[in-house]
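Heads up: the structure comes next, in structure tokens.
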Amino acid sequence: MIAMELPQIVAAPMAGGPSTPELVNAVSFGFLALGTCTADSAREQLAATRAPFGANLFYPQPEPSPDDVTRVARQLGADVPDADVTSGFAEKFELVLDAAPAVVSSTFGCFTAAEMDRLHAAGSEAWVTVTNESEAREAAGRGADGLVVQGPLAGGHRGTWDQNAEPDGRALGDLLAAVRAAVDLPLIAAGGVRGPGDVEKLLRLGADSVACGSAFLLADEAGTSERNRATLREGGVSVSSRAFSGRWARGVETDFTRAHPDMPAIYPYLKPMVPDNPYCLVGADFAGLPEAPAAEIEAALTP
């Protein structure tokens, strides 16, 4: 079980650049997002981040259907690229064992019981991202210390363990209540939080803490690219689609997402097929995201 006292607000991991050591160091508790970076980058980020903090890993997944990958490549006029469905998990897992952050969390799947034992032996707690009660029960049974309950309005990739499955569409409050009834573990609610009222509501519904990601995208310390900062300032519509990466994710609607509403589950093969098709992942209702130091954003979110 979680030994440390969690703040009301946790800075969620945002892969692809936004979650920097500077951002994590600026808030009460935040996560490095090591899912898509190289092992060398992961090592540097871990060394540059002050305790206590968390580190998030993308859990390895099965290879997608070769027929689907080939069909999409043909449609896009691209070659079938080399892709690593493990996201370099094995090497990064050893790095987090050495660094022993306060928490190591998984997305896209669940640590094995043996992996959780190794994390515990290193002094880290094991958290697992879940999107329904079935995943929650499995994670609890393997020895998880906490569950990140992710709702449908969250920006970035949906953390479903089976990328072929349709994500659960229940509102975060309903999902949180259902998971709370299914397992006896600390719960961290994630998705669609924009103000202290949202945080207060989720805490009242049974969350032990609330993870905020999109709210920090325009923080001074965030590694969000200048192109994505401009996109977020311009506004638009946030949609959930597999056309961003081949996995369900929520971000700013683009011509590509409109043109490919039925993209099959081919993560991580899609992105290298269309290297000139940048996208910006963000949660729902992202107009007016705060542009300020991360500590000020955290304070503004805290009830």
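A short reminder: the numbers here are calculations on the coordinates, not readings from a lab. What you see is a predicted model; the values in this text were computed from it and never measured. Note that we place each Cβ from the backbone using ideal geometry, even for glycine, and neighbour counts take in every protein chain shown.
Comparing mean-square fluctuations of VAL252, VAL239, VAL80 from a GNM of the chain with C-alpha springs under 10 Å, the top value falls on VAL80.
Tell me the trypsin sites (Lys or Arg not before Pro) within region 31-138 that lie in a loop according to DSSP and have at most 10 other beta-carbon atoms within 10 Å.
For trypsin sites (Lys or Arg not before Pro) across region 31-138 that sit outside H, G, I, E and B with at most 10 neighbouring Cβ atoms in 10 Å, the list reads ARG50.
Taking a point 7 Å out from the Cα of ALA292 in the direction of its Cβ, the residues of region 212-228 whose backbone N falls within less than 14 Å of it are 215-221. The ranking of HIS157, HIS260, HIS120 from fewest to most other beta carbons within 10 Å of each one's beta carbon is HIS120, HIS260, HIS157.
Amide H contacts of PHE31 (H built 1.01 Å from N, in plane; Pro and chain starts excluded): ALA11, GLY54 sit under 5 Å, all sequence-distant by 5 or more or on other chains.
Rounded, prolate or oblate: which fits region 37-196, taking a ≥ b ≥ c as square roots of the Cα gyration tensor eigenvalues, rounded meaning a/c under 1.5, else prolate when a/b beats b/c? It is oblate, given that a/c is not under 1.5 and a/b is not larger than b/c. Amide H to amide H distances under 5 Å link GLY155 with GLY192, SER214, GLY283, ALA284, where only residues 5 or more positions off or on other chains count and H is placed in the peptide plane.
For the pair region 163-187 / region 36-56, the C-alpha centres are spaced 28 Å from each other. Charge dipole (Cα centre; +1 on Lys/Arg Cβ, -1 on Asp/Glu Cβ; no other charges) of the chain amounts to roughly 420 debye.
Once you order the gyration tensor axes a ≥ b ≥ c over the Cα atoms, which shape class does region 157-231 get: rounded for a/c under 1.5, otherwise prolate or oblate by comparing a/b with b/c?
oblate
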